[in-house]
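Q: Mind having a look at this structure? Questions to follow.
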Amino acid sequence: MSRIGVFVCHCGENISATVNCEKVAKITGELKGVEFSTDYKYMCSYPGQTLIKEAIKEHKLDGVVVAACSPRMHEPTFRKACAEAGLNPFLCEMSNIREHCSWVHPKDDLTTEKAQDLVRVMVEKVKKNKALNSIKVPVTKTALVIGGGIAGIQAALDIANCGHKVIMVERQPSIGGHMSQLSETFPTLDCSQCILTPRMVEVAQHPNITLHTYSEVESVDGFIGNFKVKIRKRSKSIDEHLCTGCGLCTTKCPQKKIPNEFERGLGFRPAIYVPFPQAVPNKPVIDREHCTYYIKGKCKICEIVCPTKAIRFDQEDEVIDVAVGAIVMATGFDVLKTDYFPEYGYGKYADVIDGLAFERLASASGPTQGEIRRPSDGKIPKKIVFVACAGSRDPAKGIEYCSKICCMYTAKHAMLYKHKVHDGIPYVFYMDIRAGGKNYEEFVRRTIVEDETQYIRGRVSTIYEKNGKLIVKGADTLMGAQPVEIEADMVVLATAGVANHGAEELAQTVHISYDPYKFFAEAHPKLKPVETNTAGIFLAGACQAPKDIPESVAAASGAAVKVAALFSNDELTRDPLVAVVNRSAPPVYSQCVGCFLCQSVCPYQAIEREEIKNRNGEVIKTLARVNEGLCQGCGTCVALCRTKAIDIHGYSNQQVYTEIMALLND
Amino acid sequence: MSDLIKKVTALLNDKTINAFIGYEKGSADRIRATFIRNEDQAQKLILNASCTQNLAGYLLKHEVKKLGKLGILANVAALRSIMQLASEFQIKDGEVYVLFANADGSLTEFTDFKSIEAFLETTDTGIKSEEQEMIAKLEAMTVNERWLFWNKEFEKCIKCYACRAACPMCYCHRCTTDVNQPQWIPVASHELGNLDYHLMRAMHLAGRCVNCGECATACPMDIPLNLLTYQLISPIKATFGATAGMKADAVYALSTYKPDDKENFII
Ligand SMILES: Cc1cc2nc3c(=O)[nH]c(=O)nc-3n(C[C@H](O)[C@H](O)[C@H](O)COP(=O)(O)OP(=O)(O)OC[C@H]3O[C@@H](n4cnc5c(N)ncnc54)[C@H](O)[C@@H]3O)c2cc1C
Ligand code: SF4
Ligand code: SF4
Ligand code: SF4
Ligand code: SF4
């Protein structure tokens, strides 16, 4: 016979306003197997919890039902209280008489009756509950950081400085990300390279960080604390140990006219190249798509000139296996491509460029050494039109969100232009100016007032070329939608920030969720902004949504703290509410027939194969087994298993059946 | 001596197989399955137009498995059963020796899954036209009419479980119907019990049924219960592009998710 205690909470008046809590306690106290029942104003408060603990001891309770709010809210609270009183925490259940009853029904006898039913169901369930022990899983104290932009760099340094090992994977030949392309940064106008490159070097030199550039993550298996990752190190065609980074090869390569991605196509690079002078690592790679040797079968000039004989034409990709305990996603963002803007002539007119190209023009290390010269003829433009929200907040282009960084960098661009070309006139077409952030509004004000930028509120409808000028047509909505036409020398589009290419595939590879725009999804928009729904995988920077540098860095440090917290224990403790495949005596061993349909349906790759062998070591049966570290207790496998060989601890078939029967047998 | 008898005798004698599943003459003018273990027994083997039973179901029966390495006389349905069972890890490649009876009486041997897959690709595996017509009739009914139709059919069911025993895909050691802790499916053959059983059966065979028709053939009460699983074949094909029993390494359409899966069935 069970000795169950029922504790009915008033939740202030949240429950008692419509449910007669005293009556619920009294009636359910008469149920078979209920030893004690009571009601109290705030069960979760200190006196409330004490009441439960004392009742457990005094009445020797072997099960507890707390009728209160949602278990999502307070199940941990009450289970902990029970544990403190010596009762196995998994013998405590909650009956939700608030969200499921008092909040959704009027004050009525029926409402009270429903509350009684909900309690009765849980009493029956608790009778079938079993004492469970928490699961312990070991932790590999090495973190994987995917992406080496500022966010990845910050996360890696923070984790490494806590004394943990970090493996960084960057798909480009150099780390640095978009920030390495920027000229000066809002709102302080400090030079991007000057604040970034020292950190890039720190990553390369940190004893706790292993850097794999020109590499990508190929597969991720395992679970929090115990991931197994395959990294494909693409062949750079050089022996990095021998190469001294002298750069002689890059000057002799006959391929000289390859559009330079780093310069947004405003300059050229050879086939063997270092993406930019401050690159980390500062050693070249051969771009096999454009290398004469790989195209035509002969050349090898770089091999001839290389003083250390470091060139390796036959080098192959290498796939390495690493074990890590946590993963930080920091793969950043991209900007909309040219083909999205036929109406602006982007891609057609050389002098319609995007914001990143403008960054390169304004950068001291850029193709024009920091002079603002237009791409078509190298002349200094006297009028520049900046178009904010190019693609953003535009359902027609499929992007309804605000890219967030464009208002600020457009103001920065106008300001930089004015600082460099004193007689130039910058125009900005905008929808709204969104300058929320420390010193951001002041920055935009300066652009407008001190740097005399003409802000026009409205969208640009078309841009076309006429007599060497770009005719920009738009409307000024503050002047009653009056048409505006500007003869500009150059146009800069603040193209929308979008998810990086390959983000969707990567999310699927590492098994995290993503939003409709393919940005990685956080576990909770407010309370878990750097966690993903997959335990042990965290988010940093613009891979989650467009973010500026301060936000990217803050998120990266947040993710690093989560990783450090995870690594502060040698073992992880998990709730044991996981699936289990039943086992029985030979010759059956289990009801499982080894069809492994559960394996393909499990969203967490938690089902493994176990071979049952006889004394001679021959396999006599192959059965499913649940990896307790991976299983999230979702129950999908239970629904699929035809032979009912799988069950979930704490939500067993028997328990659910009992609950239903309790209701039906009223 | 027929080619079949010669072939099976040779296979047994050179120990390629230990037992062969084929057809023999039963009582009256019936045909039944037989399990041949030596040359003498092999003389009983027959092969004619009445040999239509899908024998693949026997491959997983405990008593048959015990006989050692198996050979089987297969028709198209049996080949598909073998593919489906392979995809559910019940049969390994090379484990079963398959003889296929061609329409002209000649035999084709299959020793691996690849050759069966290739053969099935160019073979008609569809549902018979009479059955197509019945399905069309069912589909033309209103939901209510269909409900009444099936309830009327299920009323006849005596829960002998012959359909389950005949189905090659019903190989669980313990069927859900036999689970009594808890007893989700009532044992008794009353209205609710019968409905529960047949719904469960249809769900468990959705996308796995290879349209062999053995269940309906086995039914002593003449319930056309094969139509229930047949009716699920084309929507699963249309929605997920999958047909059961065509590939040994297929993944079950209803247990996998692809980002481009249609979701038009969600209302
Ligand atoms: C024109 C322009 C001007 C800007 N100006 C400013 C400014 O003045 N001030 C400011 O605060 N912010 C500015 N920003 C925003 C700033 O660029 C971002 O905040 C910052 O770059 C985000 O850093 P991140 O590390 O998250 O992403 P990224 O910089 O995009 O870095 C991501 C890194 O991950 C790598 N990667 C991607 N996919 C993979 C993969 N699958 N495997 C391995 N590696 C991968 C990429 O190669 C890259 O190195 C500007 C942005 C633009 C477009
Ligand atoms: S679905 Fe059931 S029977 Fe099939 S492998 Fe999984 S546990 Fe075993
Ligand atoms: S309960 Fe969910 S997570 Fe656990 S094994 Fe089953 S399907 Fe996988
Ligand atoms: S359900 Fe019937 S038709 Fe389908 S495979 Fe089983 S026995 Fe054959
Ligand atoms: S064979 Fe026919 S009567 Fe027997 S259980 Fe199946 S449907 Fe019912």
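Q: Once the dipole of segment A:4-128 is set up with Lys and Arg at +1 and Asp and Glu at -1 on Cβ about the Cα centre, which of A:L110, A:H10, A:S95 lies farthest towards its positive end?
A: Looking along the dipole axis, the top candidate is A:S95.
Q: In whole Å, how far is the Cα centre of segment B:71-118 from that of segment A:446-521?
A: Centre-to-centre (Cα) distance: 62 Å.
Q: Here is a follow-up. For chain B, which longest stretch is free of loop sites, where a loop site is one of the chymotrypsin sites (Phe, Trp or Tyr not before Pro) that DSSP puts outside H, G, I, E and B and that has at most 13 other Cβ atoms within 10 Å?
A: Values: sites that count: B:Y257, B:F265.
Free of exposed loop sites, the longest segment is B:1-256.
Q: Placing unit charges on C-beta atoms (Lys and Arg positive, Asp and Glu negative, everything else neutral), compute the dipole magnitude of segment A:248-305 about its Cα centre in debye, rounded to 20. Walk me through the numbers on the way to the answer.
A: Values: 10 positive and 5 negative charges, 45 e Å.
In debye, rounded to 20, segment A:248-305 gives about 220.
Q: May I pose another question? When the Cα atoms of segment A:579-649 are enclosed in a convex hull and the volume is divided per residue, what value in Å³ results?
A: Given the Cα convex hull of segment A:579-649, per-residue volume reads 85 Å³.
Q: Just need log10 I(q)/I(0) for segment A:334-497 at q = 0.12, 0.15 Å⁻¹, Debye formula, equal scatterers on the alpha-carbon atoms, no solvent, rounded to two decimals.
A: Here the Debye-derived log intensity ratios amount to -0.47, -0.77.
Q: Return the loop-located GluC sites (Glu not before Pro) in segment A:442-539 (DSSP other than H, G, I, E, B) with at most 10 other Cβ atoms within 10 Å of their own Cβ; answer none if there are none. Let's see the in-between values first.
A: Values: sites: A:E442, A:E450, A:E452, A:E465, A:E485, A:E487, A:E504, A:E505, A:E522, A:E531; in loops: A:E450, A:E452, A:E522.
When the GluC sites (Glu not before Pro) of segment A:442-539 are filtered for loop state and at most 10 Cβ neighbours within 10 Å, A:E450 remain.
Q: A further question follows. So what is Rg over Rh here for segment B:1-72, counting just Cα atoms and using Kirkwood for Rh? Walk me through the intermediate numbers first.
A: Values: Rg = 11.8 Å, Rh = 12.4 Å.
Rounded to two decimals, Rg over Rh is 0.95.
Q: Which part of segment A:518-559 falls in the paramagnetic zone of B:E263, meaning amide N under 11 Å from the point 7 Å along Cα-to-beta-carbon?
A: So the set is empty, nothing qualifies.
Q: For a quick check: with amide H placed at 1.01 Å from N, whose amide H comes under 5 Å from A:R3's, ignoring anything fewer than 5 positions away on the same chain?
A: The list, which skips near neighbours in sequence, is A:D62, A:G63.
Q: Follow-up. What's the magnitude of the charge dipole for chain B around its Cα centre, counting Lys and Arg as +1 and Asp and Glu as -1 at the beta-carbon? Answer in Debye, nearest 20.
A: On the way: 29 positive and 32 negative charges, 134 e Å.
Value, rounded to 20: 640 debye.
Q: Quick one: which residues, 5+ away or cross-chain, put their amide H under 5 Å from the amide H of A:K165? H built at 1.01 Å from N.
A: A:A143
Q: As a check on your grasp of the helix formula, calculate [θ] at 222 nm for chain B: sum -39500 (n - 2.57) over DSSP H runs of n ≥ 4, divide by the residue count, round to the nearest 500. Write down the numbers at each step before the final one.
A: On the way: 12 runs with 103 residues, N = 267.
Calculated mean residue ellipticity at 222 nm is -10500 deg cm²/dmol.
Q: Sticking with this one: With runs of 4+ DSSP H residues as the only contributors, calculate the mean residue ellipticity of chain A at 222 nm using -39,500 (n - 2.57) per run, divided by the residue total and rounded to the nearest 500.
A: Working: 17 runs with 178 residues, N = 666.
After summing the helix terms and dividing by the residues of chain A, the value is -8000 deg cm²/dmol.
Q: Check the straight Cα-Cα distances from A:K165 and name the lysines below 28 Å, setting aside those fewer than 8 residues away within the same chain.
A: Result set, ordered by chain and number: A:K136, A:K141, A:K228, A:K230, A:K233, A:K236, A:K283, A:K528, A:K547, A:K562.
Q: Here is a follow-up. Taking a quarter of the surface of the Cα convex hull of segment B:3-121, what do you get in nm²?
A: Taking a quarter of the hull surface, the average projection is 7.1 nm².
Q: Could I ask something else about it? Given A:F186, A:F78, A:N129, which one lies farthest toward the positive end of the charge dipole of segment A:70-220, if we put +1 on the Cβ of every Lys and Arg and -1 on the Cβ of every Asp and Glu?
A: Result: A:N129, furthest along the dipole toward the positive end.
Q: Continuing with the same structure: Which trypsin sites (Lys or Arg not before Pro) from segment B:31-82 combine a DSSP loop assignment with at most 10 other Cβ atoms within 10 Å?
A: In loop regions of segment B:31-82 (DSSP not H, G, I, E or B), the sparsely surrounded trypsin sites (Lys or Arg not before Pro) are B:K66.
Q: While we're looking at this one, here's another question. With a bin width of 5 angstrom, please list the P(r) values of segment A:506-558 as percents of all Cα-Cα pairs, from the 0 bin to the one holding the largest distance.
A: Reading upward from the zero bin: 5, 22, 33, 27, 12, 2.
Q: Between beta-carbons, use under 12 Å as the cut-off and find the net charge around B:S189, counting Lys and Arg +1, Asp and Glu -1.
A: On the way: positive: B:K156, B:K159; negative: B:E155, B:E191, B:D196.
Value of the local net charge: -1.
Q: Roughly how big is chain A's charge dipole about its Cα centre, with Cβ charges of +1 (Lys, Arg) and -1 (Asp, Glu), in debye to the nearest 20?
A: That gives a dipole near 1080 debye.
Q: Going through segment A:363-427, which trypsin sites (Lys or Arg not before Pro) have at most 15 other Cβ atoms within 10 Å and a DSSP loop state? Please report the intermediate quantities before stating the final value.
A: On the way: sites: A:R373, A:K379, A:K382, A:K383, A:R393, A:K397, A:K404, A:K412, A:K418, A:K420; in loops: A:R373, A:K379, A:K382, A:R393, A:K404.
Sparse-neighbourhood loop trypsin sites (Lys or Arg not before Pro): A:K379, A:K382.
Q: Now for a separate question. Residue by residue through segment A:44-50, which ³J(HN,Hα) values in whole Hz follow from phi under the Karplus form 6.51 cos²θ - 1.76 cosθ + 1.60 (θ = phi - 60°), with glycine and proline marked x?
A: Values, residue by residue: 7, 6, 4, x, x, 5, 4 Hz.
Q: Under a no-solvent Debye model with one identical scatterer per Cα of the protein assembly as shown, what's log10 I(q)/I(0) at q = 0.07, 0.09 Å⁻¹?
A: Calculated log10 I(q)/I(0) at the listed q: -0.85, -1.14.
Every number in this text was worked out from the coordinates using simple rules, so none of it is lab data. These numbers were taken from a predicted model, which means no experiment stands behind them. Methodologically, a virtual Cβ is constructed for each residue, glycine included, from the backbone with ideal geometry; neighbour enumeration extends over all protein chains shown.
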